[in-house]
Each structure stands twice: as structure tokens, then as C-alpha cells.
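Student: Would you mind keeping the following structure in view while I ask a few things?
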Amino acid sequence: MNLRDLLKPGPLPPAIQSRRRDTLLTIGACVLTAVGLWLLQAHTSGYVVHMACVGALFATLAVSYNLINGVTGQFSLEPNAFVACGAYVTALLTLSPAEKEASFILEPLIWPLSAFSIPLLPALVIAGLLTALMAFFMGFPVFRVRGDYLAIVTLGFGEVIRVVANNAQSVTNGPLGLKGIPHLTNLWWSWGLLAVCLFCIVRLVHSSYGRALKAIREDETAAEAMGINAFWHKMLAFTLSAFFEGVAGGLLAHLITTISPSLFTFFLTFNLLIIIVVGGLGSTTGAVLAAFLFTFGGEWLRVVEEPTRLLGWDIPGIPGMRMVIFSLILVGVMIFLRRGILGRHDFTWRWIIAVLGRGRTRS
Amino acid sequence: MSGLLLQATDLTVRFGGLTAVDAVRIGIPPGQLAGLIGPNGAGKTTCFNLFTGRIRPSGGKLEFAGRPIVGLRPSRINQMGMARTFQNIRLFGELSVLENVLVGFHGGLKSNFLSAILRLPGYVAQERRMHRRAGEILELVGLTRLRDEPAGSLAYGQQRLLEIARALATGPRLLLLDEPAAGMNPQETAGLASLVRRLRDELGITVLLIEHDMRFVMKLCEHLTVLDHGRVIARGTPQQVQSDPAVIQAYLGAGEPEGIDDDRATDA
């Protein structure tokens, strides 16, 4: 049987009638995930838990980045700036005054920030809002251009933020970075953020606004002629994705507990870009899937760097080998699945049930 | 207030040294089936682009429903009640037929994105109404059967109809059709003519169309404006225009009056 036929769903049930069923299935899936996380927390090592947190944060980043790049079709390269902004703002708000005084050895932290600290939740909300505000002001110059130029302008902004972080000694502590950030991010924070982010972005994409964003991707001139103000809709996608990227950045800071400008170079953006392209530009479920494959795949591939005995051959461990294999996998994906794992499709309950239903009728 | 729905006065646009539209004066009263004809490169589509705000005129005035529209965004002009189709079809190819029509309603949406995310009752009611009206529009143009197909997979003539359906969803008072019959077979063209007439008679929509199929234009339109080299060379009823020496000159260089009809009908 042809693989493509298998992916095509059979006759679909009427959409309206299946809505309630979909809601129940989604709630069920959330409960199952929560139980799974609880088991993970109780029965596995701290390392697995850490990776699950990283995976969820990268999934959040990928899903929000995909909103502007995949759904709206505006090829931008700035998420490292937004993650950095969120990370620094949250860290500066939660670090205790004593900790700040100890960290800022070259130049003291400017006054209001040096005197107080607040709990994580309000800090994350403030970080998200500030990042969204930054995206909002960035949007005015950025969305004057399209296509390749948009990519270059946003790339520039990403670099600007990194350079600012490196040089604004009295706010960011420069290249020394911030140390001793409390380790507050756990499974619940990271997966909770992923859930909220998915809820908002999936709902938005499946609303009239989502259709407008996709229309802009397909043909901006036609969308504009059909009464869609392309500028404000791009702004909406941009600021919303910045909000979630900022919050995810804040949680990332509280997961790895030390941040410095070198963490937020273009490579962060580059990794996210790989994730959303491999997952399928425009596919939210593809972005989630690829984010976890990327996070865990990198760890599983460590096996190839260990010395092994295969079919009577002794293979010495070659450091760096996993990056070679990783690149080969990427090349393979791009050759055989040119539009990513899921293309522009999404896993939907309708689709899953249709595929399972076909399996049942055949056996 | 002139009572005209669309009024262009001395509308001019220059691209470098080329004057694509030269002091064009067009007035369309509400409820008219008007046509804009002329040889290739006469500036017809440029006129549409000027009316809909896609390009800015170098000079002249443009009023829609008594309000100046020069310098407004295309989306704003559309929301004021002017919708168009494109000569080179510009559908949202990967979206379904139904979604293409639904996009047309988005400009009139009165809920912000937060109520859309939270599915507040106000938004849900509007979404329902959009779906119902999109169904009605698809029924009107005869594409109901294809509602879940990707727009890009439709046959050429059906894509043209879908463009009209999408434009109708924006709730226009004036509909600009850019070569709606191009690429259609005779049956489809006849169906299109009766559709356009119904839009005017039953929905009260004013129509301005560009078309090269002269048989279609002469049968359907009540008033024609003829452009050549960016200038209006004739205007009037189809009969008046057909016998105008300047028009014959423009289309054929020089020749028999009856030449227009056959020549354009066969090549379109």
C-alpha cells in the first residue's frame, strides 16, 4: 500500500458533530500527559526530567516561531532576541538583591532593579509583555519589507539584542552574564507553558484570524484586496509569538540557572528554524514533534560516540560523530520529505480517528 | 455629492516615462452594469489597481460613495465596499474553497483576537454566521460540491467563479471583475453572464468589468468606457461604442466596423 494513501484520511465525519468529541479527547490527552509527567517526576532521574523540560520549552519556542514563519509566511530570524529579552527580564526580576550585588562586580546594577525581587509568575508575565512590546515596536520598521529583506532586517535585530546584552554592563552584567538564578523551572512550569501556548496558538490558527494569516502567506496582495490589513495581522502574529518566546526564555533561564549573551546567538534561531522546517513549516503539531525529536535525538545520538563492537568490528568512539549523523538525518529528511515531516498538515483528532478506523476495517 | 458610486476625475499615473493612465474620467452610478474595454496595454487593469488602492495615482481625484479614497490601504477601500477579482487568478491556493470565501468575511469581523482565542459568544455567533453565508455564496456561484477541495486544484473557470465568491463575501457595493470570462468555455461564459446579472438585479451590486470577449460585454453591459493608451477614447451604450470610429481605429488600426465583434470574440 502506498504511504501517501495511508496518510490520507478516509471519509470524514461532519465537523460540527465531532467538535464535542474533539474537546473531550483533548482533555483526555491533557490528563494522560499530566499523569505521564507525574510518573516521570516520580520514577526517573533528574536528567530525564531536565530533558523533558528543555523539550517542552523548545516546543513552545518552535510553535510560536512557526506562527510567524510558517502560518503567516513571514520569514523572520529574530527569536534569539526575544528569548534573550525574556530570559534577562525574568532573571533580573527574580534574583534576590543580595545575589545581584554579588554578581554585578564590574558595575553595580542600576537602582530600581537592584533593590527588589518578585516571584516567578509575575516576572514571567512582565517578561512576556515586555518582549511583546519590543516586538511591537520592532514590527514597524521590520514589516516595511518582505521576503529576503525581512529575514535580513530581523537577523540584524537579533544581533543588536545580543550586542546590547554584551555591553549594557549595568543592566545585563555584560559578558559575565547572570549567575545563581533560582532553579524554579520544573515539569509543571515548562509543560504548563507549552499547554497554554498550544491552546492560544491552535485556537488562533483555527479561527478567522488564522485564516487571515494563512491568506497573507498565500497571497498578500489578494488578502489585502479582500479587506485584510496585512500589516496589523503580521504584527499580531509577531507580537503573540514574541510573548510566548519571552516567557519561554524566562523559564529557560530558571532551568539552566546561568545566562550570558553567548547563549542567545544566531545559533539558537538557527536550531529553531531547523525544528520548524523539519516539522513542516505551518504545521503546529509538526513543530512540537520536531522539537522533541531534536531535543531527545541529540541525546540518543550520543551512543554513536561511544566505542562499540558491531558485527565483529571494533568501532572507536569518535567525538563529534553525532553531529555528522545528525546532519545526514537532516539532509535525508529534506530530500525525502521536502516539506518537512508533516508538510502543512496537522495531526487532528479527526485524522487520527480516520486512520485508526481504516486500520480496523482492514484487519 | 454627485450621486455617483465611483468617480474618477483626471486620474493619472506615470511609471517612469510611461503615462499608463492619462487624465481618465469615469463615473459609475449605483446599480449600473458597466464595462471597461480597450486593446491590450490600454491601462484597464491599472485603472482597477488605482481604484482599489493597490497603486497610488500620480494625480487626479478618486471618490467612492462620495468619500475620497486616494492614499487609503487596499484593505480599507475593500471594507468601504469595493471588491475585485484578479486577471491572473490570485486565490489562496492551499486553503479550501470554503476557507477562501470565509477569508472574505474577515475584514468585517467585529471581535478581536482574544475573543477569537477564547471563543467568546460574540465571536462564535459571527463565525456561525460567516459559515452560513459562505454556504449561501457558494450555492449562488455553484461551487458547493467542491467546498472542501483546495482552491488551487480547481479548474480554471471554477477558480474564476471562486474569486467572485470570495469578493462577494466582503459585502461589496461595487464589484470590479478583471476579465472574468477569460479561459471559460461558452457554457461557463453564459452562466457567468447570468450570475453577474443576478448580482445586480437581486443583490443590488454595481458591477464594473474588464473583458475581451466582446459578445459577452455587448450583451451584458449597459455602459462602456473604452481606453486606449491610457486615455478614454469613447464612452456610451454598447451600440454607440461599437460604431464609434475611434474605437474601431484603436482595435483594428483601420477597417470594417463589424470587424470588432468577430475579431475579439474569437481570440478571447
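The values are calculated or read from the model by the stated rules, or taken from the named source; none is laboratory data. Please read all numbers here as calculations on a predicted model, not as lab measurements. Here Cβ is always computed from backbone atoms with ideal geometry, including for glycine, and neighbour counts include all displayed protein chains. Calculation scope for accessible area: heavy atoms of the full protein, side chains included, ligands and nucleic acids excluded. Shrake-Rupley method; radii C 1.70, N 1.55, O 1.52, S 1.80 Å.
Student: List the helices (runs of 4 or more DSSP H) that sit entirely inside the range B:91-178 and contain at least 2 residues that are open to solvent by 10 Å² or more (accessible area, probe 1.4 Å), more than 10 Å from chain A (Cβ to nearest Cβ) and more than 30 Å from B:GLY41 (Cα to Cα).
Tutor: Values: elements: B:97-106, B:113-117, B:121-141, B:156-169.
Answer list for the range B:91-178: B:121-141.
Student: Looking only at the range B:1-39, which residues are open to solvent by 30 Å² or more (accessible area, probe 1.4 Å) and closer than 15 Å to B:ILE233 by Cβ?
Tutor: Residues satisfying the conditions are B:THR19, B:ASP22, B:ALA23, B:ARG25.
Student: Read through the list (1) at pLDDT 95 or above; (2) touching a Ser or Thr at 6+ places or on another chain (Cβ under 6 Å); (3) of a type outside the set (Asp, Glu), then give the number of the only condition that A:ILE110 fails.
Tutor: (1)
Student: With open to solvent by less than 10 Å² (accessible area, probe 1.4 Å), touching a helix residue (DSSP H, G or I) at 6+ places or on another chain (Cβ under 7 Å), within 14 Å of chain B (Cβ to nearest Cβ) and not polar (S, T, N, Q) as the only criterion, which of A:ALA253, A:ALA242, A:ALA248, A:ALA237 stands out? Break it down into steps so the answer makes sense when it comes.
Tutor: On the way: A:ALA253 fails: within 14 Å of chain B (Cβ to nearest Cβ); A:ALA242 fails: within 14 Å of chain B (Cβ to nearest Cβ); A:ALA248 fails: within 14 Å of chain B (Cβ to nearest Cβ).
Of A:ALA253, A:ALA242, A:ALA248, A:ALA237, the one residue that is open to solvent by less than 10 Å² (accessible area, probe 1.4 Å), touching a helix residue (DSSP H, G or I) at 6+ places or on another chain (Cβ under 7 Å), within 14 Å of chain B (Cβ to nearest Cβ) and not polar (S, T, N, Q) is A:ALA237.
Student: On to the next question. Does any residue of the range A:311-324 turn out to be part of a helix (DSSP H, G or I), of a type outside the set (D, E, K, R) and open to solvent by less than 50 Å² (accessible area, probe 1.4 Å)?
Tutor: Scanning the range A:311-324, I find no residue that is part of a helix (DSSP H, G or I), of a type outside the set (D, E, K, R) and open to solvent by less than 50 Å² (accessible area, probe 1.4 Å), so the answer is no.
Student: Would you point out the residue of the range B:74-94, among those that are of a type in the set (D, E, K, R) and in contact with an Asp or Glu (Cβ under 7 Å, 6 or more places away or on another chain), that is farthest from B:ALA182 (Cα to Cα)? Walk me through it before giving the result.
Tutor: As a first pass, look at the range B:74-94 and keep what is of a type in the set (D, E, K, R): B:76, B:84, B:90, B:94.
After this cut, where a residue has to be in contact with an Asp or Glu (Cβ under 7 Å, 6 or more places away or on another chain) as well, the list is B:84, B:90, B:94.
Values: B:ARG84: 15, B:ARG90: 14, B:GLU94: 23 Å.
The selected residue is B:GLU94.
Student: In contact (Cβ under 8 Å) with a residue 12 or more places away in the chain and open to solvent by 10 Å² or more (accessible area, probe 1.4 Å): is that true of B:ARG84 in this structure?
Tutor: In short, no.
Student: When you go through B:PRO68, B:PRO74 one by one, which is the residue that is within 7 Å of chain A (Cβ to nearest Cβ) and either over 16 Å from the mean Cα position of the chain (by Cα) or surrounded by 18 or more Cβ atoms within 10 Å (Cβ to Cβ) (or both)?
Tutor: Numbers: B:PRO68 fails: within 7 Å of chain A (Cβ to nearest Cβ).
Answer to the selection: B:PRO74.
Student: I'm trying to understand the selection: among the residues of the range A:164-193, which are part of a loop (DSSP other than H, G, I, E, B), open to solvent by 50 Å² or more (accessible area, probe 1.4 Å) and either out of contact with any His (no Cβ under 6 Å at 6 or more places or on another chain) or without any contact (Cβ under 8 Å) to a residue 24 or more places away in the chain (or both)?
Tutor: Of the residues in the range A:164-193, the ones part of a loop (DSSP other than H, G, I, E, B) are A:168, A:173, A:177, A:179-186.
Now restrict to residues that are open to solvent by 50 Å² or more (accessible area, probe 1.4 Å): A:179, A:183-184, A:186.
Residues satisfying the conditions are A:LYS179, A:HIS183, A:ASN186.
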